[in-house]
Structure formats: structure tokens, C-alpha cells
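Below is one structure, written out as C-alpha cells, with a few remarks after it.
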Amino acid sequence: MADLESSLLQALNVQEVIADSGELAKNLGVEHIVLVGTIRSLQASEMVLAEDIDHFRYVLTEEAQGYLTAGSPEAQVFNSVPAGEGIAMTDLKAKVPGEAGDVGFKQAMQQRWLALDKSGSGEPRVVRKVDSIEDRTQQLLADVASGREIPKTEADNLAKKRKLIRPEQWKTYKLTKGPKFALERKKPATDLTFEMLAKNAWRNLEFKEYNFNALGAPPAGGQLHPLLKVRSQFRKIFTQMGFEEMPTNQYVESSFWNFDALFQPQQHPARDAHDTFFLNKPATTPSARGVDPDYLQRVKSVHEVGGYGSAGYGYSWKLAESEKNLLRTHTTAVSSRMLHRLANQPGEFKPAKYFSIDRVFRNEQVDRTHLAEFHQVEGLVCDRGLTLGDLIGVLNQFFSRLGLKKLRFKPAFNPYTEPSMEIFSYSEQLGKWMEVGNSGMFRPEMLRPMGLPEDVNVIAWGLSLERPTMILYGIDNIRDLFGHKVSLAMVKKNPICRLGL
Ligand SMILES: N[C@@H](Cc1ccccc1)C(=O)O
């Protein structure tokens, strides 16, 4: 607003100092916030210097406005209790209904203005303990309303506990002339033109400064999806650590590889249609396809009667259950296939380190942290004599390469690992510990039937790809990672995305 600007400059020219921009706004008849816009712009051109003045006051909440005239709830309740024989509780409630009645009664009891008399035969009666009261709360509210200061403990009580007043903070400015003060603003030149050079006019011109922090227009071209970027980051980490990627292009899996091979009992709740998407067509994969019958027999028997030091589950294992097709619920199904293949390779056992990153599906209620379809990052090391110490060491390596250096582990349970650990990482940004994954050592009940040698162990872990992506991109609703909203969320919350990096 040019008028406002010149009024401000003129006032400053006459007064040299404007002690409080709040006053100036009042005199000029504009909202302070409007004047602040002008101040900021003059400040940017160094015509005006502005020094912050912090203000603080309490104001009444809407609820408290009513008590200014009607009296505080405690006074209203006290006044509704007749001297002498008092009043029945239900009658009192009817006189001061609602929350005011409840709060007022509590306060009046605390102040020892009232008492409960239970001596009679009927309902307890509320009686006065004092003849008269002073409505301190009403007095304090009146003080606040007229801008008087009230003692801190009482202010805290009214603000925090009773929510009758709330703090209001605002800033105004002390204004003085800046180094480039003038009554009128010269419009700075932006581009150096041929004419300016030819006529030597550039010497007397003022040029607008470059704003290197400006975001610039978003490029019209495409950009990589954040999940793809984080996926390639994970791939790089795994590859640098010597892991080999497992083939994962199979969303439809048989229950056998998703659950049975992992020693997950057939009655396990995760195998319920509420948690797992089962396929109607084709509904099954005949086990004869791809599963060696001896191995199948060993899996059946480890579930039923155990073996390899285990007592098993003691139920009757059904082949038909294991043949049901589903959308894989975890990429640990990929690991079970791979480990079985590794165990049955011709020749000597060779240690292996595998990883995969791909989609998994769970029949879940979708909300801001859950999707029915997400990506899992899975890693495993298969070697002789591995211990829990190796798992902790590998996890520390893995996560520290991601930038998550502080890890904590918590005992957990998975049907296929023992011991199992949930992995927590400290987020410096959020100042709290967050769960980032699950891990463990695969059980002998899973590994031995496959035919892996006695002294070979497997340490493994799994996490979602979405969670770290959300942390890295400051996205707080997992649904923003999918559909058209993704680029919007990326650009809004992380300007670096504009560079298409
Ligand atoms: N499958 C587990 C992750 C995991 C993988 C490997 C070992 C232990 C746990 C999950 O879905 O949460």
C-alpha cells in the first residue's frame, strides 16, 4: 500500500523514532498486521530499521466471559445452596446445570465453602460451611478483562487448569531510519540493459539484490518418486555390504512358502482372511509344483511332532491349507524360497548374503501410518556359527549407513525367529525413539528341514521402505506417498525436490 508506506515514512521523518508500531497503526487507522507488511518491505530495502517489542497478556476465554457478570461457577453453586438445611444434590445439579455445575461444586468443596451431609436417611445434602464468600475468581477475571496484572500462581491456575484465560503474545516494532532512508522509494532496476550501458545510466541506478534463496519455478519435467530414490539408496547400501538381490517378482505366493516353511502354525491369526488376502482364482498351488516331497514331509512333521530339538506344535498339519494362494504378506517368503534353493545346491554349502525390496500385501485398515500394500526391505546372512552379536553388528552397520546411528533392540516374537528383536532408532529430528524394523535368527525348525547343515545359522531382518522415506522427506501421512498427491507433498515439504534430485 503506497499510501501507508508514505505515511509511515513521513511520520518517521518528523519523529525520527517511532516508539511502537502498534500505536502508529492505531493512529493511521489500520490493522497492525497490515502495517507489518509495509515495515517488512521497507526493512528489506534498508529504508527503515525495526526492533522487536514483545508483548504478552492474558485474555478471557469465551466460557469466562459469562462468569464476569454471573459470577464464577463456585460462587453460582454456593449461592444456590440455601443457608441452614442446604439442598439435595440432584436439586443443586438442576439449579446450576452442565459443566459449570460440576466444576463449581468441586471448587466450592475444595474451598471448604460447602460440605456433604450424609447423616440423613435420604440422599446426601449439600450444606454451607461458611456464611458468605468472596468471589476471588470473578475478581481475577475482571482484572484480566481490564488489563490488570494478576499473581502468577493464580494466572497459571486459571490458564492451565481451569482454561478460563489464555495467553496472547504478539510483536510490535520500534522504528528508526535506516541507512537508505528517503521519503520516497526508488524502484530498483532489475536487469542491466543495453540502453543503461550505452547511456552510462547504470552508474546512478540502484539494482535489486539477487535472492539466492528463491525456490524458482518447479521444473515441468518428471522426477523420481521418493520411494524409488530411497529404494536405490537401500540397494546401494546392501550392495556395498556384499549382499546379492533376490528375485522378487512374484506377488502371488502359496501359503507354504509364506507361512508353513517359516514354521508359522496353520492356526496362526495372521493366516486369517482378516489379515491376509487369499486368492479366489487360482485359489491354490498344488504342492507338487516346485516343492520337493521329502522337504514337504519334513515341514509337516516339524509342525506336528517337532524334531531338531523342538517339540513342534502338536496339531495335524493340512496339506490343503499350505496350498492356498495369497498375496505375500512379507518378503520373508522370498527368503524361505531362496534359503531352500541354497540348501539344495549341488556341492559344498556356500555362505550367502541376500536382500530384497518389493511389495507386500496385508488386509489392513488404511490410515495415516498403514497401507494394505507397501514395500518391504529384507536382508539375511546365511553362514556357519552366526550369533546374535553378528546380527546386532550387521544391523548397526546397515542402519548407520542410512544415517541412523543410534539403535536399540527390544526382545520380540516371530514364529520363525528365536531370538527375535524389534529395532528402534533415535530420531534426532523428532527427539524420540522410533521402531524401524524387526529381526531375528531363523529357527532350526525352519532351516533344518530345508537341509541346511547343523552349524549353519541365518540372521535376518525386515523393515518397511515407506517409514524411512516418510522420515527422510518429512511426510507424515503414508497415503501422501501414493497417487497424485505425492509430488505435491514432496515439493511442499521438501523444496529440494524442485531440483529433481
Ligand atoms: N517378516 C517380518 C520381518 C522379519 C524378517 C526377517 C526376520 C525377522 C523379521 C515382518 O514382516 O515384520
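For ASP480, the criteria (1) free of Cβ contacts under 8 Å to residues at least 40 places away in the same chain; (2) surrounded by fewer than 19 Cβ atoms within 10 Å (Cβ to Cβ) hold in every case but one, which is (2).
Contact map, the range 33-57: first residue of a type in the set (D, E, K, R), second residue surrounded by 14 or more Cβ atoms within 10 Å (Cβ to Cβ) and not in a strand (DSSP E or B), Cβ cut-off under 6 Å, separation 6 or more or different chains; pairs are GLU46/GLY178. Remark: GLU46 falls outside the filter, which requires a residue to be among the charged types (D, E, K, R), under 17 Å from GLN138 (Cα atoms) and at pLDDT below 95. Restricting attention to the range 127-176, the residues being of a type in the set (Gly, Ala, Ser) and touching a Leu at 6+ places or on another chain (Cβ under 9 Å) number 3.
Only one of the numbered conditions (1) surrounded by 15 or more Cβ atoms within 10 Å (Cβ to Cβ); (2) assigned to a strand (DSSP E or B); (3) under 19 Å from the mean Cα position of the chain (by Cα); (4) more than 12 Å from the ligand (Cβ to nearest atom) is not met by LEU404, and that is (2). Taking each residue of the range 308-320 that is among the charged types (D, E, K, R) and looking for partners that are in a loop (DSSP other than H, G, I, E, B) with beta-carbon atoms closer than 8 Å, six or more apart or interchain, yields LYS318/GLN266.
Looking only at the range 380-391, residues that are assigned to a helix (DSSP H, G or I) and away from the ligand (no atom under 11 Å from the Cβ) come to 3 in all. Residues in the range 428-441 that are without any contact (Cβ under 8 Å) to a residue 24 or more places away in the chain and within 13 Å of the ligand (Cβ to nearest atom): GLU435 alone.
Within the set of pairs 6 or more residues apart or between chains, which connect a residue that is within 12 Å of the ligand (Cβ to nearest atom) inside the range 409-427 to a residue that is assigned to a loop (DSSP other than H, G, I, E, B) and modelled with pLDDT under 95 with Cβ atoms less than 9 Å apart? Hits for this filter: PRO415/HIS268. Residues in the range 352-361: is at least one outside any strand (DSSP E or B), in contact (Cβ under 8 Å) with a residue 40 or more places away in the chain and on the phi < 0 side of the Ramachandran plot? No, the conditions are met nowhere in the range 352-361.
Within the range 297-344, the residues that satisfy the criterion of being more than 16 Å from the ligand (Cβ to nearest atom), buried (at least 19 other Cβ atoms within 10 Å of the Cβ) and part of a helix (DSSP H, G or I) are VAL299, VAL302, HIS303, SER322.
If you take the residues in the range 269-279 that are of a type outside the set (A, V, I, L, M, F, W, C) and surrounded by 15 or more Cβ atoms within 10 Å (Cβ to Cβ), which one is nearest to PRO293 (Cα to Cα)?
Here the answer is ARG271.
Here the condition is being buried (at least 17 other Cβ atoms within 10 Å of the Cβ), at pLDDT 95 or above and outside any helix (DSSP H, G or I); of VAL394, VAL377, it holds for VAL377 alone. Identification of helices (runs of 4 or more DSSP H) wholly contained in the range 93-169 with 1 or more residues that are farther than 17 Å from LEU60 by Cβ, under 43 Å from the mean Cα position of the chain (by Cα) and not charged (D, E, K, R) yields 98-110, 152-156.
Picking from residues in the range 442-464 that are assigned to a loop (DSSP other than H, G, I, E, B), among the charged types (D, E, K, R) and more than 16 Å from the ligand (Cβ to nearest atom), the one that is nearest to ASP260 (Cα to Cα) is GLU454.
Of the residues ALA159, ALA145, ALA198, the single one that is without any contact (Cβ under 8 Å) to a residue 60 or more places away in the chain and hydrophobic (A, V, I, L, M, F, W, C) is ALA198. Answer yes or no as to whether VAL291 is among the aliphatic types (A, V, I, L, M), assigned to a loop (DSSP other than H, G, I, E, B) and out of contact with any Asp or Glu (no Cβ under 7 Å at 6 or more places or on another chain). Considered against the rule, which asks whether it is among the aliphatic types (A, V, I, L, M), assigned to a loop (DSSP other than H, G, I, E, B) and out of contact with any Asp or Glu (no Cβ under 7 Å at 6 or more places or on another chain), VAL291 comes out as yes. Being closer than 25 Å to ILE33 by Cβ, part of a loop (DSSP other than H, G, I, E, B) and more than 45 Å from the chain's Cα centre (by Cα) is the filter here, so list the residues in the range 172-181 that pass it. Hits for the range 172-181 are LYS180, PHE181. In summary, helices (runs of 4 or more DSSP H) completely within the range 191-263 and bearing 2 or more residues that are surrounded by fewer than 10 Cβ atoms within 10 Å (Cβ to Cβ) occur at 194-198.
The values are calculated or read from the model by the stated rules, or taken from the named source; none is laboratory data. Being a predicted model, the structure only gives us computed values, none of them experimental. With ideal geometry, Cβ positions are generated from the backbone for all residues, glycine too; neighbour counts draw on all protein chains shown.
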